[in-house]
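The values are calculated or read from the model by the stated rules, or taken from the named source; none is laboratory data. Just so it is clear, the structure is predicted and the values come from calculations on it, not from any experiment. Every residue, glycine as well, gets a Cβ built from its backbone with ideal geometry; the counts of neighbours run over all protein chains shown. Only protein heavy atoms, including side chains, enter the accessible area calculation; ligands, DNA and RNA are left aside. Shrake-Rupley method; radii C 1.70, N 1.55, O 1.52, S 1.80 Å.
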Amino acid sequence: MGDSHTWTAAPAAAERARSVLAAAWSCAVTADGGREELVGAHSVADGGRVLLHVPEDSALLAAAICAPRGEPSAVLEFADVAPVPVRGRIRARLWLAGWFAPEDGHLAFTPTRVVLRQSSGAVVVDLDEFATAAPDPLALAEARLLTHLADCHGDAVERLTRLVDADSLHGAVRVRPLAVDRHGFTLRIERARAHGDVRLPFHAPADDIARLTERMHVLLAQASAASCPRALQRQRTDGEG
């Protein structure tokens with residue numbers, strides 16, 4: 001049942017944006033000509049609102065308090081950084097334009113425009129879809145999963161390359177795990193002066209770690225099977241010699 005790919009969906013833009021927002025540890029806030037870098041200072045509320053926990057001497061807090069209407073505009077920028085060191089480590093950037101206001105000891109930011117930029121280009125995310133979308137269920141575990149795979153299971157990463165078209169591997173000097181979500185697994189193929197990505201879709205969505213483990217086992221089994229003809233050919237050649 002699991003030896004063919006029938007689930008080829010990829011994350012929708014709204015889901016991808018919410019995943020970036022959920023997993024990001026830092027953000028840059030630009031407002032009234034100033035810019036602040038905040039680390040570990042934001043959380044996400046219902047509808048995709050962002051709660052900024054800023055120090056009392058923050059210029060953002062002063063701007064919110066002193067704004068004539070109490071709702072100064074701002075732009076929040078989040079970077080999605082690959083957990084495993086690779087060339088071109090930023091996988092996506094997310095910009096939220098909107099306004100913020102003081103609320104229960106923090107600043108509540110309400111987006112009025114959402115832009116997601118990935119390697120395929122930039123897209124404006126529908127606000128209603130952004131508000132109702134949920135992050136990928138693996139988003140918060142992805143960094144740990146990919147780091148463990150790269151550090152402890154390099155042989156598995158190498159085996160997965162057997163599922164990659166030979167043309168995509170031409171000139172490759174290194175292959176690293178780049179991303180995983182409930183829809184599939186992505187490899188970063190690095191060449192001497194360039195790099196590219198190859199996505200290996202799961203045969204069915206992986207909505208938790210247990211299902212992800214099963215999906216990865218299916219891919220690895222497919223990769224092992226893909227090498228059988230070459231192995232048999234070598235054995236026949238050796239036997240004929």
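For the stretch 86-152 and the stretch 197-214, what is the separation of their C-alpha centers, rounded to whole Å?
20
Taking a label point 7 Å from the Cα of residue 28 along the Cα→Cβ vector, which residues of the stretch 94-134 have an amide N closer than 19 Å to it?
Once the point is set 7 Å along Cα→Cβ of residue 28, 94-99, 113-119, 121-123 turn out to lie under 19 Å by backbone N, inside the stretch 94-134.
Scan around residue 178 for amide H atoms under 5 Å from its own, H built in the peptide plane at 1.01 Å from N, and keep only partners 5 or more places away or cross-chain.
186, 187, 188
Which value, in Å², gives the accessible area per residue of the chain when a 1.4 Å probe is used on the protein heavy atoms?
54
Quick one: go through the stretch 133-165 and flag any residue whose amide nitrogen is under 17 Å from the point 7 Å out along the Cα-to-Cβ line of residue 214.
Within reach of a label on residue 214, which here means backbone N under 17 Å from a point 7 Å along Cα→Cβ, the stretch 133-165 contributes 137-138.
Need one number: nm distance between label points at residue 110 and residue 9, each 7 Å from Cα along Cα→Cβ, rounded to one decimal.
Label at residue 110, label at residue 9, 3.1 nm between them.
If all Cα-Cα distances of the chain are sorted into 5 Å bins from 0 onward, what percent lands in each bin, rounded to whole numbers?
Reading the bins upward from 0: 1, 6, 12, 15, 15, 13, 11, 8, 6, 5, 3, 2, 1, 1, 1, 0, 0, 0.
What would the Debye equation give as log₁₀ I(q)/I(0) for the stretch 18-90 at q = 0.24 Å⁻¹, counting only Cα atoms as equal point scatterers?
-1.18
For the chain, what is the calculated [θ] at 222 nm in deg cm²/dmol (nearest 500), taking -39500 (n - 2.57) for each run of four or more DSSP H residues and dividing by its residue count?
-10000 deg cm²/dmol
Output needed: percent of Cα pairs per 5 Å distance bin for the stretch 1-134, bins running from 0 to the one holding the longest distance.
Pairs per bin, as whole percents: 2, 10, 19, 21, 17, 13, 8, 4, 2, 1, 1, 1, 0.
R0 = 25 Å: FRET efficiency of residue 168 with residue 123, Cβ-based, nearest 0.05?
0.50
If you roll a 1.4 angstrom probe over the protein chains with everything in place, what fraction of the accessible area of the chain belongs to carbon and sulfur, to the nearest %?
With neighbouring chains kept in place, the figure for the chain is 53 percent.
What residues qualify as long-range amide H neighbours of residue 54, i.e. H under 5 Å apart, gap of 5 or more or another chain, H built at 1.01 Å from N?
Under 5 Å from the amide H of residue 54: 107.
List the trypsin sites (Lys or Arg not before Pro) in the stretch 7-69 that DSSP assigns to loop (not H, G, I, E or B) and whose Cβ has at most 15 other Cβ atoms within 10 Å. Which are they?
Here the trypsin sites (Lys or Arg not before Pro) that fit, given the DSSP loop and packing criteria, are 69.
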